[in-house]
Amino acid sequence: MTKNSIAVTMRYDYFYNGKEVRNGIDFNLINWVYNLGYTPHLVPNDIRYFKIIKKNKFAGFILSGGNDINIKTTRVLLENKILKLSIKDKTPVLGICHGMQIMNRFEDGNLTRVSNHVQKYHKLCDNEFEYPNKVNSFHKYGIKRLGKNFEVIAYSNDNQIEAIKHRKHNWLGWMWHPERDKIFNKKLIKIAKNFFKKKKI
């Protein structure tokens, strides 16, 4: 666990009518992190693990997608602690879907239910950061009130917020899943590489 690693949070996967709960991660997200030139370090949904996170210096954090936000879950508690740590250490954080929603909520934003954003593709508008023309959607909730100190850097063609960037912290949020493209998008790889190297994007 060195500066060549990125810590990645995991989702909850439920089996046997909720009687068994597992940590889950898409293999493609692991491969996507490798494509950035980093080694992924998977973070289990166990609040005790935060002691290990604090002891190590990561190149960045990825708050992964999956799961609706439930503020009482260990996952949300852990991701909030990671955000606080990133402010202290100035560590970059990329929020993917759920992860972007967590960052927005952390800064007093809120969500609203949206339609036609599950297993769809949308065109990006107001796109000044050389993002792809189209991105995927796998979410039931979108941003209603933008969190303080965030700026919107991309909207979908139906006027939903698709990408945000924090004005003070090294936080970037994407509502799409870069790992779910059949072929990893080279533009997103380049943007993410520069972000974790703390270059301007």
query = With Val21, Val43 as the choices, which residue is within 26 Å of Lys193 (Cα to Cα) and among the hydrophobic types (A, V, I, L, M, F, W, C)?
reply = Val43
task = Would you be able to tell me the number of residues in segment 148-186 that are in contact (Cβ under 8 Å) with a residue 12 or more places away in the chain, farther than 24 Å from Ala7 by Cβ and among the charged types (D, E, K, R)?
result = 4
key: Number of the exception - Ile62 against (1) over 13 Å from the mean Cα position of the chain (by Cα); (2) closer than 18 Å to Asn170 by Cα; (3) among the aliphatic types (A, V, I, L, M); (4) crowded, with 19+ Cβ neighbours inside 10 Å   = (1)
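Residues checked against (1) touching a helix residue (DSSP H, G or I) at 6+ places or on another chain (Cβ under 9 Å); (2) modelled with pLDDT of 95 or more:
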{"site": "Lys140", "(1), (2)": "no, no"}
{"site": "Ile143", "(1), (2)": "yes, no"}
{"site": "Phe150", "(1), (2)": "yes, yes"}
{"site": "His166", "(1), (2)": "yes, yes"}
{"site": "Lys187", "(1), (2)": "no, no"}
{"site": "Phe196", "(1), (2)": "no, yes"}
remark   = In segment 159-201, residues that are of a type in the set (Phe, Trp, Tyr) and assigned to a helix (DSSP H, G or I) total 2
key: strands (runs of 3 or more DSSP E) wholly inside segment 83-148 containing at least 2 residues that are among the hydrophobic types (A, V, I, L, M, F, W, C) and over 21 Å from Asn159 (Cβ atoms)   = 93-96
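The values are calculated or read from the model by the stated rules, or taken from the named source; none is laboratory data. Please read these numbers as outputs of a predicted model, since none were measured by experiment. Note that we place each Cβ from the backbone using ideal geometry, even for glycine, and neighbour counts take in every protein chain shown.
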